[in-house]
Structure formats: C-alpha cells, structure tokens
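What follows draws every value from the coordinates through simple rules; no lab data is involved. Just so it is clear, the structure is predicted and the values come from calculations on it, not from any experiment. Note that we place each Cβ from the backbone using ideal geometry, even for glycine, and neighbour counts take in every protein chain shown.
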Amino acid sequence: MRPAEDIDKLIKKLRYKASVETHDRVLGNVMRALDESEKQKTGAAAPDIWRTIMKSPITKLAAAAIIIIAVSIGLNQIISSTPAFAEVIQPFLTARTATFKVTIEGKGFPGQEYDGMFMEPCRMRHTQPGGGIVIVDLEQGKFVTLIPQLKQAVVLEMINVPEEPGDLNFFQEIRMRILKAQPLDDESVEFLGEKKLDGQSAIGYRVQKPELDATVWANSESKMPIQIEIFEESMTVTMSNIVFDVELDETLFSLDIPKDYSVKTLRKDLSEPKEEDFIESFRIWAEHMDGKFPSKMHRSTVNEFIKYQQEKIKERGIEPSVEDIMQMQQTIVDMTHGFPFVEALTPGSDWHYAGADVRFGDAETAIFWYRPEGSITYRVIYGDLSVKDVSEENLPK
Amino acid sequence: MLEDKLLLWRFKRGSREAFRLIYQKYADGLLTLAANLLNDKVDAEDVVQDVFISFVKSVQKFHLRGSLKGYLTICVVNRSRDYIRKNRRRQALTVNQAQRATTDVKNPVQLVICSEQLQKLSRAVAELPYEQREVIVLRLHGEMRFKTIAKLKNISIKTAQSRYRYGLDKLRSILKGEVKK
C-alpha cells in the first residue's frame, strides 16, 4: 500500500462504472415509472368527469350535448386566449446561439450600445464603441478585450468563478433571471396586446417579479422574442434585433490573442465578497474620490466613480498612458469586488447606508450597518472604516 | 449549474430527452456513491433507481434551490441509510464484510477495480463504521464540504471532521494490519 497520506486519493479511485446494460435497465425502469405516473394522473381525472356526467339525472343525449358544449367552450378558450408567455420566452432558455443589440440607458451616465453574440455554454462576444471587441468565456474564466487600432489586448483573468456568473454575460443573466422568476404563468405576467415594432407585428408581455422586471415583445406569428427591456432601479437595458440559433463560427469566441498584439492582464476575484472586501471597496472608493463615499448603495453607482475619474483625467489635461489606464481599470475591478456584499444580505439584515455625506476618516459617524444572520447585535462601519458590534438601541439615529 | 436548471425546465415541460441527459450526467457518480455506502452493487442500483423514480414522479412540484447534483446526492445518501435500516441483514453483512468481500462477486468495487491495492482498500472501507464511511464517501465521492455534511447529518462540523479523520486513521491501521499479515 502507498503511504498513508495517499489514502484519500486512492479512495477517490474506488469508482463504480455501470455497464451499458445496467444503465439501459435502470433508465428503462425509471421511464416506465414515469409513464405509469402520467397515466395515473390523466386516468384519475378523466373517469371522474365522465362518472359525474353519467350519474347526473339527465339523459345520455343531454350528457352528449353537455360534452359538445364543454368541448366548444374549450375550443373558444383556446382560440381567444393569448399565447402562453412561457412559450414566448422559451427561446431564451433553449437557444444554442443568438445575436442581438444591447442598449443601456440611465440617469447620470452616457448611454451605451453594442452588438452582441452568444454561444452556449457561456460564451459571449460584443463590439465596443470605437471598435474594441470583448470576448467572455466563463468556462475558461477569461474576459479578453481586443483593441485593433492599438494592437492591444486586455485580458481579465477571473478567479473563483461562481456557478452562475451572470454579471459578465448579458444573455446568461437574462436566462438566469427568467429561470429564477419561474413560474411565469401567474398574475405577475400581463399581456400588453399587439403593436408594430421595427416593422414587425409584435405581441408584448410585462413581467413584474422581484427576479425579473421586464417587457418582452415577440413576433406575433412566429412567437419568437424580438426585444426584451429589463428595468433596473436607475437604468433600462434593452436587447433588440434578437435572432436565435444562427450559425456562428466558433473562432469568433476564441480567446487566442493575435501574435502582433501587446497584452495587459488584469485580475478579477469573483468569489462571494465578505465584510472585509466590502470595507476594502469603501477604502478604494474614498481614496480615489477625494475622501468621499458613494452617494448611494447601488450597482449603478460605479458610473459615479468612473465619471469622476474621467473628469480628473480631463482636468489634468495630459493624455493618460496605457499604464495609467490599466491601473485605473484594475482599481475599478478591485473596487467593485466588495460592494456586492450588500446584495447578498438578507432582508432580515436590516442594512442601512448613510455614507453619502460622510468624509473618509470620520471615526464618529457610521456609514453602514447591518445585522449578520443569527446575530442580536449590528455590525457598524464608521467613516474611518473601523467596525464595531452595536446593540439595536445604540444604532445611529 | 445553469445547464441543470435548463434541463430541469425542459423536463418539466415534457422533454424525456432532458431527463435522459440528467440521468447520463449523474448516474455513474450516484452509483459510485451508493455502491461505496452500501458496499453492494445491486443494492446501489436499486437505490439510484428509486431516487430517480421519485425524482421523475415529483418533478412538477420540484423547485431547485441549490444544485441538482447536491440534491440527488442527498437523496442517495438518505435512501442508502433507509435501505440499511430497513434491511437488517445489511448490518450483519457489514460486520462480516472482510470475509464476505473476498468471495462476494456483488461487491461493487471488485467488479471494476483490477488493482489488488484498490481491492484491499475497498474491503477496508467496507469495514469502517457506517458513520465514518458515510462522511468519507460524501467528502471524497460526493465532493461535499464538511459544513454541508454536518448540516445534512445534523452534526457539528467538528464531528464531521473527526469522523473523517478517524475513518482515514482506521483505514490506515486496517491496511497496515493487512500488510503485516
């Protein structure tokens, strides 16, 4: 036997690979059980209706009439009902590829627009204004930006990629939201009727759920989605000109960098941020924002940071070097790592943000507090980024 | 993973192919888990089959909160334990596993492991108390964290870690003994 410390590795080798026949047998038994179960469900309902009709004190002729009326009502319902929303959004969930245009509009930052492509399992490519090309492959944990004019590539290496990293892949994000918003056959979906959209006759739906606040428009004949608008607190993201399952060349999603390009590398930690990461984000923010903290606690606030940095560069009146830009990008990447800590807090955490008017270094004024799960006291973060455990009655007013 | 949610979504809408893909993806891993827990190939197949049957029957009411792999793993663990509880003969067999494993062709690992070294290890794993074996199998074949195992078994993380450590120590001593023989 090998040295004792190898035991765990050896145990992993104790694997059971069933034969094809075994799998066929087990799968066959499961499928038969499924058939039986489905038969019982339909079989259980049908005789009851039939028995009810036949036991009623009316003649068989009247019973037949009732059945005909019942069928007619059913048909009318089918004819007059609107197409099921689940059917309309299905292509988002089943498409292997897609091409689309994304428009992002909101208060406090310039609108953005790009053409995107998606390919399963988690690949996305989009063009940036100015000719840059971004390729994201979440399975490889890489995000590559190619800038042909400068013959430069920026590689964002992602570590600790979670199972559902929707943030970096817009198409994937929509998929996840649709899945999380299930079921979608309830009163949360409103039919908006028909209208002309980009020269096509389209039917629309409004979905209002915590996981998905959106309007979806589909071609009224093919029922294929042609536009989806997602409403966030301070921005609207619209995906339009959507075409599903188009032939796309795999090389479009290649992460290989042309040989004559220079390469700069950034690193992004996608692990779940902890309190210390959250505090570090505040520190980076304050150090680059002349001692101020964010005006509010929201994803879109990052635009405030970027805008401020752009203005500072303009004020200097000197063209920033590539190194300066890379340094700034890494700062943004690091700064944005900790803030999602807030999004992971449960409603019971009773979190509050009060840092908008506080200066970095102010040890007396709280900028943020929350109650960790299972705790009776609150964690309070102050302007000097110190943290104290505070009872509810002693919280800032 | 998202792929699982999609498969589940398709299966709920009647796609048998989606279920086949789920089965193909997880069946071998679940069989390995059950076979190592029960130390019996046929019983392992029964357990995995039962788990999939109850999964397909209840899929319409099923809402996936974590990972599908994690869910199916927990089902196999629970059902394996039920299997052992209901089947008293299983306990008797467990006591005599060392002798049994040398002759019993149903032993799961013997059928697939040609290496003598691994066969010895397999017999040694079968000799472990069930609680220790369970934690080792969940950790190494179920790829579960101690925190998850502790929650699943309603024990403390320290207890889960101790069972794992004692289990491995015991394996080492069983194997040393075998070498001495």
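Listing for the model above:
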{"read-out": "Shielding by partners - mean other protein chain Cβ count within 10 Å, residues of B:121-134", "value": "1"}
{"read-out": "Gap separating the Cα centres of the stretch A:121-161 and the stretch A:297-346, nearest whole Å", "value": "18 Å"}
{"read-out": "For B:4, A:269, order by how many other beta-carbon atoms lie within 10 Å, fewest first", "value": "A:269, B:4"}
{"read-out": "Taking B:75, A:122 and counting other C-beta atoms within 10 Å, the order from fewest to most", "value": "B:75, A:122"}
{"read-out": "Nonlocal amide H pairs with residue A:358, under 5 Å, H built at 1.01 Å", "value": "A:293"}
{"read-out": "The stretch B:123-142-the stretch A:84-100 distance, computed between alpha-carbon centres (Å)", "value": "44 Å"}
{"read-out": "Cross-link pairs beyond the 31 Å C-alpha cut-off, checked among A:196/A:296; A:209/B:69; A:196/B:5; A:12/B:5", "value": "A:196/A:296; A:196/B:5"}
{"read-out": "Order of A:7, A:318 - criterion: other Cβ atoms within 10 Å of each residue's Cβ, fewest first", "value": "A:318, A:7"}
{"read-out": "Estimated FRET transfer efficiency (residue B:158, residue A:377; beta-carbon r; R0 22 Å; 0.05)", "value": "0.30"}
{"read-out": "Residue-averaged beta-carbon neighbours from other chains (10 angstrom radius) around A:96-105", "value": "0"}
{"read-out": "10 Å Cβ neighbours from other chains, averaged over peptide A:18-28", "value": "4"}
